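Just so it is clear, none of the values below were taken in a lab; they were calculated from the coordinates. Bear in mind the structure is a predicted one, so any value in this text is a computation, not a measurement. Cβ sites come from the backbone with ideal geometry, for glycine too, and all protein chains shown count toward neighbours.
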Amino acid sequence: MMAGEFVTLLGRVWDELRADADPRFDPPHSTVQATVIQGGTAVNILAKQAEVTWEYRCLPDRDPVKIVERVKAGAAAEILPKYSARAPIPICAQRRVRSITRSSWCPRRQCPR
């Protein structure tokens, strides 16, 4: 469930980015998207952990840090409190790969990476 909510958050952030368009580019706005989702062992068992890999691509004159901070703030305010109350502490581990931020969300104390 948490991974799905995180992907929904990314969609809302992308909607916000679309409002800041520059017609000189195609697409005319910065983008953010989930690129890989992993987790679970069977369709009838709730996943013990999940990993969402996401990336952003920022227009040249926009601040990429604002995108990352918006996603982190949204997760901290909307997702983490809900799951922290009823499960082991959900954590976010971020790592930078070739100037693209990729984040993993795992509902347990340690992510595998």
Can you tell me which lysines have their Cα less than 21 Å from the Cα of Lys48? Leave out same-chain residues fewer than eight positions away.
Lys82
The local net charge around Thr8, scoring Lys/Arg +1 and Asp/Glu -1 for residues other than Thr8 whose Cβ lies under 12 Å from its Cβ, equals -2
Return one quarter of the surface area of the convex hull spanned by the alpha-carbon atoms of segment 1-72, equal to its mean projected area, in nm².
5.3
How much length, in nm to one decimal, is gained on full extension between Ser84 and Val36, taken as 0.36 nm per residue of separation minus their Cα-Cα distance?
14.9 nm
At R0 = 30 Å, FRET efficiency that the Cβ-Cβ distance of Val65 and Asn44 yields, to 0.05
0.15
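Less than 13 Å Cβ to Cβ from Glu78, Lys/Arg counted +1 and Asp/Glu -1: what total charge do the surrounding residues give?
+3
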